Amino acid sequence: MFPDAPITSVEDLRRLAARRVPRMFYDYVDCGSWTGATYRANEQGLAAIRLRQRVGIDISRRSLSGRMLGEDVAMPVALAPTGLAGMQWADGEILAARAAERFGVPFTLSTVSVCSIEDVAAHTSRPFWFQLYLMKDRAFMERLVARAHDAGCSALVLTMDLPVQGQRHLDIKNGLSTPPRPTLRNLVNLATKPRWCLNMARTQRRTFRNIVGHVEGVSDASSLAHWVSEQFDQTLSWEHVRWLRRLWDRKLIVKGIMDPEDARAAARAGVDAIVVSNHGGRQLDGAPSSISALPAIAEAVGARTEVLFDGGVRSGQDVLKALALGAGGVLIGRAFLYGLGAMGEAGVTRCLELIRRELDLTMALCGITDTADAARALLDAPAYSE
Ligand code: FNR
């Protein structure tokens, strides 16, 4: 790609991010756990689905807007919680939240963000969603939940698929840390990323501001991994979800559901929505693609609970396929992070614009005019035998 070639796809943003973001932070995004089989399966599963080409239908008036968790959205897409977004670009979480707000879609702030709940709240006016991991220290958890409430967060997202952390080889090999340690390897790599270094020099926010101070020494990713194994509560059960339900009076979402049985349990615990997700292939390597799990889960609980989906979405076509298979909305992770790493806030906006345009044109070519009719875009229901 020539440096001045127009950006026409999320893949272009990925390539640009690969050039601009230091190796350890780019690899942190662009990898899965262990062999990466599930990470790849997420994209492949979506790519294998065929859409139904229709003609002779008036598609001149099309609508992409709708509602997610009772909120008006410009399209049924939200930004997924992603740790360390603030190392892709200085103040990345604030910039992504601002881009999402301007575009009219929800933004989710991860517990392990660089920018804090308060940092993001101070720079946005649209209520964002806050993602939480269950920690043993309930008093600290209650404080985090209270902070999210005070900041006006409209939804709490409890991530359930990370009671222990899946291993990502590259993070270990790269010595992932925030900020990067001044090793010879890092210095050589950073010397090739002057734009990133200058950009990062503009901010003081270079460590995990939601959790720093909670436990001494949580300032880099290796101590974070240790912190996760020490702090995350492996007894996590539906009883804890019910406890959170009592604690939080706004929308409650449970993320990391890959089995209809778990989806039913979540619905019984009183959550407002679930996210069908395998954490973007970063946790259980060997789990099936996220899209292959969606139809049975939507069938099991779709009438009672809002069903959201993530994993492998890189285009508007992917969004349409997930909606067609029963998702009420779609979360994107890496797609917006590539945009952020490539061009900051403008890159996140570019990513959302690309996805909206692809979704709109694809709907037109499938002969549908409303995302509510997405099911009609499928050629046939995929036969999953994974
Ligand atoms: C994540 N994900 C994630 N999920 C979560 O609940 N809390 C978190 O802190 C993170 N952190 C995180 C970091 C990075 C770099 C990635 C790529 C992902 C998972 C995320 O919310 C989502 O489930 C996946 O990203 C969806 O897959 P795609 O869209 O990235 O393919």
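One table, with the values for the structure above:
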read-out: Backbone N within the range 11-28 under 11 Å of label point (7 Å from Arg185 Cα along the Cβ vector); value: 24
read-out: Taking Ile332, Ile368 and counting other C-beta atoms within 10 Å, the order from fewest to most; value: Ile368, Ile332
read-out: Hits among lysines - C-alpha to C-alpha of Lys255 under 25 Å, sequence gap 8 or more where chains match; value: Lys136, Lys321
read-out: Added length on full extension, which subtracts the Cα-Cα distance from 0.36 nm per residue, Arg195 to Glu239; value: 11.1 nm
read-out: Burial ordering of Phe25, Phe309, Phe140, fewest other beta-carbon atoms within 10 Å first; value: Phe140, Phe25, Phe309
read-out: Neighbour-count ranking [beta-carbon atoms within 10 angstrom, fewest first] of Arg14, Arg314; value: Arg14, Arg314
read-out: Paramagnetic reach from Arg357 in the range 303-343 [backbone N under 18 Å; point 7 Å along Cα→Cβ]; value: 314-320, 335-336, 338-340, 342-343
read-out: The chain: C-alpha gyration tensor shape, a/c 1.5 cut-off, then a/b vs b/c; value: oblate
read-out: Charge dipole (the chain, unit charges on Cβ, about Cα centre) - positive-most of Ala97, Ile368, Ala148; value: Ala97
read-out: Computed over the range 295-364, the ratio Rg/Rh where both radii use C-alpha atoms and Rh is Kirkwood; value: 1.05
read-out: Whole-angstrom gap from the range 241-288 to the range 72-151, using each part's C-alpha centre; value: 18
read-out: Relative contact order (%) - the chain, alpha-carbon pairs under 8 angstrom, separation at least six; value: 28
read-out: Normalised alpha carbon radius of gyration of the range 31-140 [divisor 2.2 N^0.38 Å]; value: 1.38
read-out: Gain on full stretching of the segment that runs from Val55 to Arg376 - 0.36 nm per residue minus C-alpha separation; value: 114.3 nm
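Any read-out appearing in this document is the output of simple, stated calculations on the displayed coordinates, not a laboratory observation. Since the structure is predicted, the reported quantities are computational estimates derived from the model, not experimental observations. Positions of Cβ are backbone-derived with ideal geometry, glycine not excepted, and every protein chain shown enters the neighbour counts.
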